[in-house]
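Peer 1: Pasting a structure below so you can have a look.
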Amino acid sequence: MSIEPKRLVESVLRGDRLCLARLLTLIENEEEEGLQALQQLYPSSGKAHLIGITGAPGTGKSTLVNRLTEYLRNPTERHEDIDPAEADSVAIVAVDPSSPFSGGAILGDRIRMRDLSGDKGVFIRSMASRGAVGGLARATASVVEALDAAGYSKILIETVGAGQAEVEIAKTAQTTVVITAPGLGDEVQAIKAGILEIADILVVNKCDLPGADNTKRVLHSALTLGYPQHTTKEGNAQSVWVPPILSTIATTGEGIPELASALDEHREYLEVSNEGKRQAREQMRSRMDQLLRDHLIKEFTAQNPDGQYEELLEKVLARKLEPRQAVEILVRGNPE
Ligand SMILES: Nc1nc2c(ncn2[C@@H]2O[C@H](COP(=O)(O)OP(=O)(O)OP(=O)(O)O)[C@@H](O)[C@H]2O)c(=O)[nH]1
Ligand SMILES: [Mg+2]
């Protein structure tokens, strides 16, 4: 049954979770009603702290997200003087770029996250890949926008893996946490995939297992290589954020308060240093560029004669045309 975007927006802003879930599905499917509702919600977004949690499979991301959420939701444990009504509300977006269906891993996450599901201040959403990585990254950005507008103050975006998809999705986050664990060779993988470059906070989870110190050492040397100016010029420390390396045991909750503090510190840094503004501008520019490209290609394809593109592609493959020439012909038509 379809619902008018205006009513959907009102319900979402009133805190109706069922309507929010429905809206997110409409947005994911790029339904017109969903996109209209998103337009109306957009002015209400921009308040949440968007936190990306990424790392190789099995490093403990979901366990950590679970623990962190419990901690954020339980302010008496955090600071004695916070009124529970003022606790952060948390939305969790679990993205699995490798899974075309809502399959095993995500179902597992759901089951583990069930302890949180009675809490009205927590909203959990799973998203699975439906093809192109770029499409998933864009859908994630829109879903996060809607959750932000709906009033969740912390949005945790969990992505599996250590590849290009994570890097794309991380572009949505303001603070990116990269998780590694000992014994998986992840420290090497993290460095290889260039995922270290996107880290604002590094977490070595499973510190109860042997090898944790070694993992920390490897990360530390990689970090020192990446931030040489910091190690030589002390006076500069304030203007450069050097990712801290934190230790956690997600299964017991050890190190979670320190992670929560580091998240707050990074957000503070973004605000004070002006880096937040620069990051927001850059992320939005990249998103608009991508939307523009999508739009132009879609429009172009619609009015282009059937089969011309494929025909030109064949000619390029047969070395009869150079790719740039082919595009020229597509755009301007054949000069002859
Ligand atoms: N020993 C130990 N085990 C942990 C710790 N954190 C998580 N685990 C276990 O590691 C396994 C994987 O944890 P998940 O939280 O599912 O890891 P994940 O990174 O979300 O996994 P994917 O979503 O499949 O990539 C589970 O069996 C957890 O119980 C930890 O600190 N110490
Ligand atoms: Mg997980």
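Peer 1: Scanning for something assigned to a helix (DSSP H, G or I), touching a Ser or Thr at 6+ places or on another chain (Cβ under 7 Å) and over 22 Å from residue 168 (Cβ atoms), does the range 27-41 turn up at least one residue?
Peer 2: yes
Peer 1: If the Cβ limit is 9 Å and pairs must be 6+ apart or interchain, which residue in the range 196-213 that is among the small types (Gly, Ala, Ser) pairs with which residue that is away from ligand 2 (no atom under 16 Å from the Cβ) and in a loop (DSSP other than H, G, I, E, B)?
Peer 2: 199/243; 211/182; 211/183; 212/182; 212/183
Peer 1: Any idea how many residues of the range 326-336 are open to solvent by 90 Å² or more (accessible area, probe 1.4 Å) and either at pLDDT 95 or above or part of a helix (DSSP H, G or I) (or both)?
Peer 2: Number satisfying all stated conditions: 3.
Peer 1: Now for a different question. Taking residue 46 as meeting all but one of (1) open to solvent by 10 Å² or more (accessible area, probe 1.4 Å); (2) within 20 Å of residue 184 (Cα to Cα); (3) not hydrophobic (A, V, I, L, M, F, W, C), write down the number of the exception.
Peer 2: Looking at each condition in turn, residue 46 falls short on (2).
Per-residue answers, yes or no, for (1) at pLDDT below 90; (2) within 29 Å of residue 5 (Cβ to Cβ):
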residue	(1), (2)
39	no, yes
65	no, no
113	yes, no
139	yes, yes
142	no, yes
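Peer 1: Hey, another quick one. Report yes if residue 27 is surrounded by 15 or more Cβ atoms within 10 Å (Cβ to Cβ), more than 16 Å from ligand 1 (Cβ to nearest atom), within 20 Å of the chain's Cα centre (by Cα) and touching a residue at least 40 places away in the same chain (Cβ under 8 Å), otherwise no.
Peer 2: yes
Peer 1: Among the residues of the range 37-66, count how many are within 16 Å of ligand 1 (Cβ to nearest atom) and either basic (Lys, Arg) or more than 15 Å from residue 143 (Cα to Cα) (or both).
Peer 2: Residues in the range 37-66 being within 16 Å of ligand 1 (Cβ to nearest atom) and either basic (Lys, Arg) or more than 15 Å from residue 143 (Cα to Cα) (or both): 14 in total.
Peer 1: Could you tell me whether any residue of the range 267-289 is farther than 30 Å from residue 154 by Cα and at pLDDT 90 or above?
Peer 2: No; the residues of the range 267-289 include none that is farther than 30 Å from residue 154 by Cα and at pLDDT 90 or above.
Peer 1: Continuing with the same structure: Mind telling me which of the residues 50, 18, 26, 38 ends up being more than 16 Å from ligand 2 (Cβ to nearest atom) and in contact with an Asp or Glu (Cβ under 6 Å, 6 or more places away or on another chain)?
Peer 2: Only one candidate passes the filter, namely 26.
Peer 1: Let me ask another. Check off (1) modelled with pLDDT under 70; (2) within 18 Å of residue 45 (Cβ to Cβ) for residue 171 and give me the number that stays unchecked.
Peer 2: (1) is the only condition that residue 171 fails.
Peer 1: Looking for something touching a residue at least 60 places away in the same chain (Cβ under 8 Å) and open to solvent by 50 Å² or more (accessible area, probe 1.4 Å) - is there at least one such residue anywhere in the range 261-277?
Peer 2: yes
Peer 1: Right, another one. Residues in the range 1-24 that are open to solvent by 60 Å² or more (accessible area, probe 1.4 Å) and either part of a helix (DSSP H, G or I) or modelled with pLDDT of 90 or more (or both): how many?
Peer 2: Within the range 1-24, residues that are open to solvent by 60 Å² or more (accessible area, probe 1.4 Å) and either part of a helix (DSSP H, G or I) or modelled with pLDDT of 90 or more (or both) number 8.
Peer 1: Applying the selection to the range 126-137, what residues are surrounded by fewer than 21 Cβ atoms within 10 Å (Cβ to Cβ) and either at pLDDT 80 or above or within 20 Å of residue 8 (Cα to Cα) (or both)?
Peer 2: Matches in the range 126-137: 126 only.
The values are calculated or read from the model by the stated rules, or taken from the named source; none is laboratory data. This one's a predicted model, so the numbers in the text were calculated from it and none came from an experiment. So basically every Cβ, Gly included, is an ideal-geometry build from the backbone, and we count neighbours across all protein chains shown. The accessibility values were calculated without ligands, DNA or RNA, using every heavy atom of the protein model including side chains. Shrake-Rupley method; radii C 1.70, N 1.55, O 1.52, S 1.80 Å.
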